[in-house]
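Taking it in order: structure first as structure tokens, then the write-up.
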Amino acid sequence: MSTNEELFARAQRVIPGGVNSPVRAFRAVGGTPRFVRRAEGAYFWDAEGRRYIDYIGSWGPMILGHGHPAVLEAVLKAAADGFSFGAPTEREIELAEAIIALVPGLEQVRLVSSGTEAGMSALRLARGATGRSKIVKFEGCYHGHADALLVKAGSGLATFGHPTSAGVPAEVVQHTLVLEYNNLAQLDAAFDVHGREIACVMIEPIAGNMNFVRASVPFMSRLRELCTKHGALLVFDEVMTGFRVGLRGAYGVYAQALPGFAPDLFVFGKVIGGGMPLAAFGGKRDVMSQLAPLGPVYQAGTLSGNPVATACGLATLHEISRPGFFEALAARTRGLVEGLGGAARAAGVPLVGDSEGGMFGFFFTRSHTDGLPQNYGAVMATDKERFNRFFHGMLARGVYLAPALYEAGFVSAAHSEADLAATIDAAAAALA
């Protein structure tokens, strides 16, 4: 049996950095990544046979836990019928119908294979539908690694961003405007100057890539108002939150607070594939009709609507649509966050946390009087060093959290009260 260290050394010889997605490398927290051998329910086992309580759940999709019997049965049956056809299947229609049925106002969706592909395609569609080039995003929100979206904030108020990755020419992001999350003044300034040129605003309504930060209700209300006034499309990136924070996703949270509220386009991923590579983007019929083969905006994908992935997604959506599912999941997640907060208070450590549905986040603050961060700058000001020590303390006690301060956590239906209690006990010991 190989150790994690041996596998990492071997991986680094043939895979850049030894991983196929950067955050898996433990660069943010230090140490050696755990190579997973298998997973079941709320747990996974590493190459050395050690069991961990899993709070990343493949970064969100495993809302039912690993290997849910109904999902596994659907996947095996679909695989027996064929892996991929390159032609339409009835199951693609069924999944599109299921997504539309859960999101009021959504009329059509296009299935793709990844969140990056869905975000990139929604952006192209927004530009094609409006005939405009400029887009707005917010610092700390991640929408996949498409060139136009790999940007960081510029040097002043409502300035255009510059690339955060080598290989992205400055001219590619010259039309991308980067604003501070939850900053109403910057939002107004950006539309005052560029309103007639903005094709869309893309936002994570609950940002899961700067840990867990909510857009305030006044901010979201103003954003909708400005997009409507200036003819820009509002794009909700719900790759992470869609069907994870509630049956209607984060949209449902804001629609409850703002009657009549709705985005123009949605981007979905993760839960709708149940752990398989599957994502989608969608909106009103008149906007979606701009896509090929009906309209001039081109988008295609050989594996889009993959028959095994759609079976996995359909089975997952069926299970999470059962009455009481999200109420129980939300209560379990709140209990975890409250328990972590209690452990921190007992240790005299300043910590704040938040959750929605089965998604949560927490921050080690610099002071007991600090509240929840409202933007990326505030997240960056939290205690990263304490988080890193806490991460390794939890890992040593069999609890696997996201290996970076900037990532949200996820609770599944498979996490038991005993799992939560063990996690809180581990936190108390780690903090002590």
Go ahead and collect, in residue order, the members of the range 121-147 whose backbone nitrogen is under 14 Å from a label point 7 Å along the Cα-Cβ direction of Val193. 135-137
Which net charge results when you count Lys and Arg as +1 and Asp and Glu as -1 among the other residues whose beta-carbon is under 15 Å from that of Phe191? +2
Provide the per residue accessible area, probe 1.4 Å, for the chain, rounded to a whole number of square angstrom. 42
Take the alpha carbon gyration tensor of the range 74-147, find the square roots of its eigenvalues, order them as a ≥ b ≥ c, and report rounded if a/c is under 1.5; if not, report prolate when a/b exceeds b/c, else oblate. prolate
Quick one: Debye curve from the alpha-carbon atoms of the range 337-399 only, equal weights, vacuum; give me log10 I(q)/I(0) at q = 0.16, 0.20, 0.25 Å⁻¹ to two decimals. -0.53, -0.84, -1.25
Could you give the nm distance between label points at Ile93 and Thr228, where each point is 7 Å from its Cα heading toward the beta carbon? 3.5
For the pair Ala70/Arg51, report the inter-label distance in nm, with labels modelled 7 Å from Cα in the Cβ direction. 2.5
How big is the antiparallel share of DSSP beta bridges in the chain, given as a percent to the nearest 5? 60
Around Lys137, what is the net charge, scoring Lys/Arg as +1 and Asp/Glu as -1 over all other residues with Cβ under 14 Å from its Cβ? -2
Give the Rg/Rh ratio for the range 319-432, taking Rg as the radius of gyration of the Cα atoms and Rh as the Kirkwood radius, to two decimals. 0.97
At 222 nm, what value in deg cm²/dmol follows for the chain if DSSP H runs of at least 4 each add -39500 (n - 2.57) and the sum is divided by all its residues, to the nearest 500? -11500 deg cm²/dmol
Taking the simple approach of a point 7 Å from Cα along Cα-to-Cβ for both Asp147 and Ile15, what is their distance in nm? 2.7
Cα pair distances in the range 45-85, grouped into 5 Å bins until the bin that holds the longest one, percent each: 5, 18, 17, 19, 18, 13, 7, 1
How many percent of the accessible area of the range 1-123 is carbon or sulfur, using a 1.4 Å probe? 54
Volume of the Cα convex hull of the chain, divided per residue and given in Å³: 147
Residue with peak Gaussian network fluctuation, the chain [Cα springs, cutoff 10 Å], from Ile63, Ile203, Ile100: Ile100
Would you mind telling me the share, in percent, of accessible area of the range 384-432 contributed by carbon and sulfur at probe 1.4 angstrom? 53
Quick one: net charge of Gly377's neighbours, Cβ under 12 Å, K/R +1, D/E -1? -1
Is any residue of the range 26-68 close enough, with backbone N under 18 Å, to a label point placed 7 angstrom from the Cα of Leu247 along the Cα-Cβ axis, and if so, which? 63-64
Please work out the FRET efficiency for the pair Ala331 and Val172, using the Cβ-Cβ distance as r and a Förster radius of 51 Å; give the result to the nearest 0.05. 0.70
Counting as exposed only chymotrypsin sites (Phe, Trp or Tyr not before Pro) in DSSP loop states with no more than 14 other Cβ atoms inside 10 Å, the longest exposed-site-free span of the chain is 86-297
When only the heavy atoms of the protein chains count and the probe is 1.4 Å, how do Met62, Met202, Met120 rank by accessible area, highest first? Met120, Met62, Met202
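The values are calculated or read from the model by the stated rules, or taken from the named source; none is laboratory data. This structure is a prediction, so every number in the text was calculated from the model and none was measured. Cβ sites come from the backbone with ideal geometry, for glycine too, and all protein chains shown count toward neighbours. What goes into the accessible areas is simple: the full protein's heavy atoms, side chains included, and nothing from ligands, DNA or RNA. Shrake-Rupley method; radii C 1.70, N 1.55, O 1.52, S 1.80 Å.
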